[in-house]
1. I'd like the distance separating the alpha-carbon centroids of region 213-259 and region 31-97, in whole Å.
2. Checking the cross-link filter: which aspartates and glutamates have an alpha carbon closer than 12 Å to that of LYS210, excluding same-chain neighbours under 8 positions apart?
3. Full-extension gain between MET238 and GLN311, please, as 0.36 nm times their residue separation minus the C-alpha to C-alpha distance.
4. Which percentage, to the nearest 5, of the DSSP beta bridges contained in region 113-232 is antiparallel?
5. Could you give the accessible area per residue of the chain, probe 1.4 Å, as a whole number in Å²?
6. Once you place label points 7 Å from the Cα toward the Cβ at GLU284 and ASN338, how far apart are they in nm?
7. Using each residue's phi in region 377-385, evaluate 6.51 cos²θ - 1.76 cosθ + 1.60 at θ = phi - 60° and report the 3J(HN,Hα) Karplus result to the nearest Hz, with x for Gly and Pro.
8. My understanding is that a pair violates if its Cα-Cα distance is over 29 Å; which of LYS47/LYS490; LYS271/LYS526; LYS124/LYS247; LYS450/LYS546; LYS83/LYS526; LYS395/LYS526 do that in this structure?
Amino acid sequence: MNGERAGTGIASSPARILSAAGAALLCAIASPVLAADPADTILVNGKIVTVDERFTIAQGVAIRGQRIVAVGNNADVLELQGKGTKVIDLKKQTVIPGLIDNHAHFIRAPEHEELRLDGVASRKRALEMLTGRVRSARPGEWIVTLGGWSEEQFTDDPRGFPLEELDRIAPDNPVVLQAVYNQSYLNSAALKAAGIDAATPDPRGGRIEKDAGGRPTGVVRSAGGVAYVAAQIPLPDMEQWLANVRKFVAGLNAMGITAWYDAGGRGMSDKHYAAYQALAERGELNARAFWTTIRQPATPEQVDKVLAEIQQHRPFQGNDYFENIGWGESLYQPATTNLLRNDFVVKPEDMREVRRIMQAIAESGMFLNAHVEMENAIDAYLAELEELNKVEPIKGLRWVLSHLDQVSDAQLARMKKLGMYAGLHSRPLIQGALMHKVHGERAWDMPPFKRVQDSGIVWGLGSDATAVTTSNPFYTLWFAVTGRMVGSRKVNRQTISREQALIAHTRSNAFFVFQESNLGSIQPGKYADLLVLDRDYFTVPAQQIKDIKPLMTMVGGKIVYRAR
Ligand SMILES: [Zn+2]
C-alpha cells in the first residue's frame, strides 16, 4: 500500500510520497462530485502529513470554500486549478492538521489580557518581560499572570518573586504573578487594590502569608488563596472582553491550535461564553471551541439543583465553531482529586453524589468528561460507572475520563469494556519537579502515555492550559515524546513516538469532540484546518519539537495566521 502507517518510524526513514497510482485513486474517489468547480486555494510541493488512517504523506491539497476537495500529488491537485485559484508553493515545508487540544480552559482565559510566562525557562527573562509590560501599561492597570508557569521551570534561579522586587519594578501598577494554582506573588499596589491587609482573614482553602509584625508578605498560598486573589482582579467591559478574545485566539492560531475541548473552570459565568458566542455568530471566531457545562456542587442539596439543570440541558445547539457538547469536568467538589496530593481518598458518601450526577447525565443520553487523577479515585469512579452501566448504559455515549495520571492496565481494560476514552495531559511540563516531590518514584509514570497507547484504548492528548500548564501544543508534543519539563529536566519515562503523539493531538481529539467527519486529518470532505510548519516535526532533533512554529495557520479554508 502507499503511504506510511503510524508507528513505522517516519522520523527515522524518509517519508514516502504517494505514488501516481495511489494519488489517482484518491482523485478518482473525489472527482465525480468535485471536478465541476475549480478550487479556491491549492497548496503544492509540500510534505503533507495527512494523519489519515494509513498516515499517508502527500504533496498537495486543494481547498474549496471551507473544505478540502482533493489530496494527492502535485499534478492531481493542480487539476482543480481554475482562473481564480490561488496556488501556494510550499517549497517542501511540512503541513499537518490543525492541532486540537482535548482539555483546555481557553474560554476563561481572555477575561484578562495576561502577561504569559509559558515556556520561559529563565527568571531573569521573566523579570525583563514584566519590566517591559509595566513600561507599556496605563497608570493603575493590573498586570496579571494567572498560572501557566512554576518556579521550578527557571533554570537560572528557581524561585518566586518577593514583594520588594515587584515594588521596585512596578511601584504604581498592581501586579499578580500566580504560579500554577499553588501561590500568587503580589506587589504592594496589588495588596492595596485587592484590599488585603493585616486584618484580612485567610480565605477558605488558602493562606495569606504574614510577617512577624502581622503584615502581608505579598505571598498568598494554596488553591483557595490563589482563587481569592484572582477574584479581586476587575473584569473588563464587553468591548474589551471581545478584544481580549480576538487577541487570545490569534495567539492560539500562532501556536498552531485550531480547535479545542473546553472544560470550563472556576468562577465561570455567562459573560465568559457570551464573548466567544458573539464572535462565532458573526463568523469571526478563528478557532473552534467545543465545551461542556460545568457546575461544581459541594453539598447534596446543591446536587439536587444540578440534577434539575441536567434534565433541562440541550447540547448541540451551536455550530462548528462554538458548540456545547454535554457536561463535564469536576462533578462534585468533595470528590475532586488534586494532582499534587497523594493522600486524598474519595469518601463513599461523596461518590454517591457523583453517581447521582452521572446517572442523570446518562439518562439524558449526554456526553460526559469527568476529572479523575489518582489510582484509588479512578477505582472509585469505575466502580460507580460499572454499576451505572447495568441500569443506564453509558457505552456509546463517548464518556471520557480526563487526566488519569495514575491509571493502571487493569483500569484501562475496565474503561475499554465500558466503551470509554482516555484524555491525557502535559501538566508535568511545569509541575513535573513538584510531582516528583509529592509522588516520588511514581511520578516517572505520571501520566502513563506509553501504557495508555499500548492498551489500545482510544485516547487523546491535550494540555489542561492555561493555569496548570503551558498552552503551546508543540510543548505538549515535545513533552509526550521526550518526557522533559520546561527547562529540559527529564521528569517522565512513559514517552511515545512522534507519530503516536501527533495522532493523539489531532485525529483522536476530533473524535472526542464529535467532529471526526470534519476535523483531525487532511482528507477530502473535511474542513481545511491545517498548519504549514517552519520545520519538519518528524526530522528535527527531539529537543526542537517545542520550538516548532507555524508559518501559516488555516481554519475552515481561511488563513488566520501568517508568520511575519
Ligand atoms: Zn480537570
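The values are calculated or read from the model by the stated rules, or taken from the named source; none is laboratory data. Worth saying up front: this structure is predicted, and the values here are computed from it rather than measured. Glycine gets a Cβ as well: all are built from the backbone with ideal geometry, and neighbour counts include every protein chain shown. Areas reflect the complete protein model, heavy atoms only, side chains present, ligands, DNA and RNA absent. Shrake-Rupley method; radii C 1.70, N 1.55, O 1.52, S 1.80 Å.
1. Region 213-259 and region 31-97 have Cα centres spaced 40 Å from each other.
2. Straight-distance partners of LYS210: ASP197, ASP202.
3. 23.2 nm
4. Numbers: 10 of 14 bridges.
About 70 percent, rounded to the nearest 5.
5. Averaged over the residues of the chain, the accessible area is 39 Å².
6. 4.1
7. 6, 4, 4, 4, 5, 5, 4, 5, 5
8. As for pairs spanning more than 29 Å Cα to Cα, those are LYS47/LYS490; LYS271/LYS526.
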